[in-house]
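Quick notes on the structure that follows.
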Amino acid sequence: MGVSMDVVTVTRQDGIAVLCVDYPPVNALSVAVRKGLAEAIAEANADPAIRGIVIRAAGKTFIAGADIKELGQGLHLVSPTLREVQQLLENGKPSVAAIHGTALGGGLEVALTCTHRVALADARLGLPEVKLGLLPGAGGTQRLTRLCGPEVALDLCLSGRQVKAAEALELGLIDAIVPDLDRAPAAFLATAAPAPAILLRGDRLADIDQTLFDDARRTWSRKARGRDAPAEIIGAIEAACGLTGEEGLRAERAAFDRLYAGEQHPALVHAFLAERQAAKLPGAPDPSIPVISRAGVIGGGLMGAGIAAVLANAGIAVTIVDIDDAALSAARERIARLYAGSVSRGILSSDDAGAARARIGFATDYAALADIDLAIEAAPEIMDLKRRIFAALDAVAPPHAILATNTSSLDIDAIAAATSRPGQVIGLHFFSPANIMKLVEVIRGRASAPQALATGMKLVQRLGKVGVSVGNYDGFLANRTLQFYTGQAEFLMEQGASPEQIDRVAEAFGMPMGPVAMRDMAGLDVAALVRKVRALSLPPEERLSPLIEKMVEAGRLGQKSGAGFYRYDNGKRLPDPEAQAIIDDAARALGVERRSFDDDEIRDRLFLPIVNEGARALEDGTATRASDIDVAWINGYGFPAHRGGPMYGGMKHGLQRVIALADRLGAELGPRWKAADLLVRMARTGEDWRAAGY
Ligand code: CAA
């Protein structure tokens with residue numbers, strides 16, 4: 001007999017009540033789900049004919065956590081709260097969580113409240129709250145510590161990583177891997193040894209070495225880069241070791257409430273939702289998007305080899321085409337080094353690396369690309385060369401194949417015009433190193449067909465990357481806005497701020513590396529080349545700072561030559577009076593008035609102009625949504641996600657500040673720095689990005 005309770009269905013199997021949560025898309029613990037669970041558990045507890053409870057879920061996944069959208073409205077506090085559901089479960093009949101897909105966050109916390117847990121072999125489990133600026137606030141830190149010990153709890157709660165069923169079994173997180181979820185969980189429960197509620201288990205917590213927490217604090221004060229959640233997580237797990245179950249739960253709840261009330265949680269939720277939004281292209285989703293199974297990569301340099309590896313890792317057969325055997329053998333070596341690095345850093349098992357490598361072939365003749373679905377060109381940034389490559393690709397590739405360029409600066413329309421299929425030409429702009437960086441700009445040319453763009457976006461997701469759809473503009477979206485950030489770093493140095501102060505401010509803000517050190521790492525000679533071209537298109541009244549060129553003239557090319565804006569000793573970056581003297585001389589020659597800066601002014605000068613240029617990119621259609629710009633900065637340049645992204649931050653701290661700075665910079669530096677019309681209008685009307693249509 002089946003009883004339907006809205007989103008939770010109950011069936012009976014030989015005296016076991018099987019509760020199935022059915023709340024698409026991910027069975028999140030919304031008010032409706034909690035209510036359904038509470039009613040069904042209470043009913044099973046009260047029914048003498050019921051011996052135990054199975055909790056499972058319909059669709060593609062077990063419960064994937066609290067409902068993120070409801071969390072933002074405080075609806076997690078509406079009764080029945082998750083805590084109340086858990087109390088019914090913990091004080092009731094023996095129970096088993098039957099897990100498939102992903103048991104995440106509050107979902108895993110429900111499972112941890114059951115007396116037992118079983119999972120399908122391909123299920124994954126995790127506590128990703130740290131990624132949302134929270135900690136597992138439904139007893140996760142307490143129960144996991146008691147079940148698996150503090151080392152495992154620290155690892156899973158601080159990293160937020162998902163473990164596969166086999167590892168979960170090894171860690172003691174689940175009791176068994178089962179072949180199906182229809183009958184096996186109930187059968188398991190019928191024969192399982194009775195188990196006490198986890199919260200009452202304390203046997204693993206004797207003799208905990210305090211250095212475990214000291215070490216975790218030391219490591220995470222560096223790794224957290226300004227995020228609050230890691231320290232609270234460590235504190236909650238330490239509490240689990242020293243306090244009773246009830247006291248531990250109270251400590252965890254207090255820490256959760258502090259994080260929930262802070263600024264980082266909403267910013268991280270914004271980043272989470274923005275990433276999912278960015279993947280959506282305008283118009284209805286096209287169900288007929290072709291699957292890419294064979295690809296060509298033109299150019300086996302650093303970028304091409306990285307892209308080929310990313311494709312091969314996703315199961316795609318790849319052929320790298322380069323000009324001659326010498327170039328190909330260099331590409332082969334790069335690929336070998338890349339995979340050796342992935343194995344040694346534990347990113348890939350040696351079996352997986354071997355299988356992926358075997359998918360990569362090499363050729364000097366375009367004829368090898370006769371059966372591809374996609375080509376990605378990663379040749380040097382020379383328009384004539386790219387046009388020749390695209391003409392050659394057009395001649396051999398089947399008509400359905402998409403031809404993509406990885407250009408970071410050239411005009412997609414001019415490249416597409418070299419083919420007979422401009423509708424099939426798009427940009428797929430990876431960031432270096434391609435196998436690590438998550439951002440890919442999916443660039444639409446004037447003629448790019450919606451289906452080609454949708455195929456590109458779907459491919460990017462399949463590669464485990466984050467795609468942002470952008471228009472065909474000089475520097476596209478990410479590099480276009482980056483110029484204003486790095487440009488300010490240079491003007492600040494001219495005006496008297498030191499490279500160390502600028503980088504210290506940016507790094508304290510949460511950037512992985514400050515803008516000056518980033519230039520040194522990328523190579524100042526490379527930057528000088530790009531700027532030569534850029535300088536040609538500047539408005540006549542504007543100038544670029546000459547500091548990079550001055551460093552190059554002095555033979556200081558950045559990290560690779562041992563000195564740039566800093567000097568490098570065994571990879572360690574050190575302030576360099578010689579570099580400072582070059583900056584001082586250049587400033588004197590320009591007649592720039594010099595002064596000292598406080599850190600707040602430097603921070604505003606670096607980050608607010610990004611908002612202004614971002615607004616221009618929205619106005620001219622290069623970017624679709626303000627949140628896309630946030631996604632690009634977080635995934636392309638390591639902008640701290642706990643600040644939501646530059647556009648989120650700009651809105652939060654007031655567009656007036658952005659405009660006031662732009663008014664000053666515009667008067668000083670020229671029209672590109674002036675306040676964008678969109679910002680001025682929004683400040684007048686009080687609209688936020690969404691209300692303004694972005
Ligand atoms: N709440 C509400 N909606 C959610 C959600 C959640 N927890 N998780 C995912 N969604 C939504 C997404 O926004 C998306 O919606 P749209 O289609 O409208 O854009 C949809 O579900 C599908 O999500 P994905 O595109 O990410 O699908 P996927 O198959 O690639 O991944 C997933 C599925 C692994 C569950 C992934 O969505 C994910 O990691 N979700 C976040 C899980 C999480 O962080 N849970 C912890 C929540 S906090 C918590 O639980 C606190 C606590 O202690 C009580």
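Values for this structure:
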| quantity | calculated |
| --- | --- |
| Partners for K386 among lysines (Cα-Cα distance below 24 Å; same-chain residues under 8 apart left out) | K532 |
| Convex hull (Cα only) mean projected area of the chain, reported in nm² to one decimal | 32.7 nm² |
| Local electrostatic count at A46 - Lys and Arg +1, Asp and Glu -1, tallied over other residues with Cβ under 15 Å | 0 |
| Tilt relative to the chain, helix 264-278 - C-alpha long axis, 0 to 90 degrees, to 10 | 70 degrees |
| Degrees separating the helix 599-619 axis from the principal Cα axis of the chain, which is the longest one | 90 degrees |
| Only Lys, Arg (+1) and Asp, Glu (-1) charged, at Cβ; the chain dipole about Cα centre in debye | 520 debye |
| With Cα atoms, 0 to 90° folded angle of helix 229-242 axis to the chain main axis | 30 degrees |
| Listed residue (A240, T9, H100) projecting farthest to the positive dipole end of the chain, Cβ model | T9 |
| Cα gyration tensor shape for the stretch 589-659, rounded if a/c is under 1.5, else prolate or oblate | prolate |
| Magnitude of the charge dipole, the stretch 479-685, Cβ model with Lys/Arg +1 and Asp/Glu -1, debye to 20 | 420 debye |
| Exposed-site-free run, longest, the chain (rule: GluC sites (Glu not before Pro); DSSP loop; at most 10 other C-beta within 10 Å) | 1-540 |
| Span from the the stretch 78-96 Cα centroid across to the the stretch 625-694 one, whole angstrom | 45 Å |
| Those trypsin sites (Lys or Arg not before Pro) in the stretch 476-584 that DSSP places in a loop and that have at most 13 other beta carbons within 10 Å | R543 |
| Test item: Cα-centred dipole of the stretch 4-261, Lys/Arg +1 and Asp/Glu -1 on Cβ, debye | 480 debye |
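Where a number appears in this text, it was derived from the coordinates with a stated rule and is not lab data. None of these values were measured; they are calculated from a predicted model. Reconstructed Cβ throughout: ideal geometry from the backbone, glycine too, with neighbour counts over all protein chains shown.
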